1. Would you list 15, 43 from fewest to most Cβ contacts within 10 Å?
2. Could you sort 100-113, 82-95 so that the peptide with the highest average Cβ count within 10 Å comes first and the rest follow in order?
3. Can you give me the Cα centroid spacing of the stretch 22-63 and the stretch 73-105 in angstrom?
4. Can you give me the distance in nm between label points at residue 50 and residue 30, each placed 7 Å from the Cα along the Cα-to-Cβ direction?
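Just so you know, all these numbers are worked out from the coordinates, no wet-lab data involved. Fair warning: this is a prediction, and the values are worked out from it, not measured in the lab. Cβ coordinates were reconstructed from backbone atoms using ideal geometry, including for glycine residues, and neighbour counts include every protein chain displayed.
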């Protein structure tokens, strides 16, 4: 495993451990995206249906990628759900590179909110 990828793997594992310590679960990528989506929605803990969970993960992806200018916040709808607009094309990666790209942005998000 290349050094940069190894560093990303270690930082990702530390984030998952910290989330487990704080919330009692050691989430996978989808769980972490859900957590970010709920945080960004800002309406507190609720029960979400399957479509809402997909929307929360979309909010999370747009939020973390907006840090690098890939999306911009547009508005909140009447129910308080944030909406984003694409700002620039996403890089073309294979599935592993795409996952690492997203992990790196998620880690940056948690650094910016002073969680890690």
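1. Lowest count first: 43, 15.
2. Output ranking for 100-113, 82-95: 100-113, 82-95.
3. Centre-to-centre distance over Cα atoms comes out at 14 Å.
4. 1.1 nm
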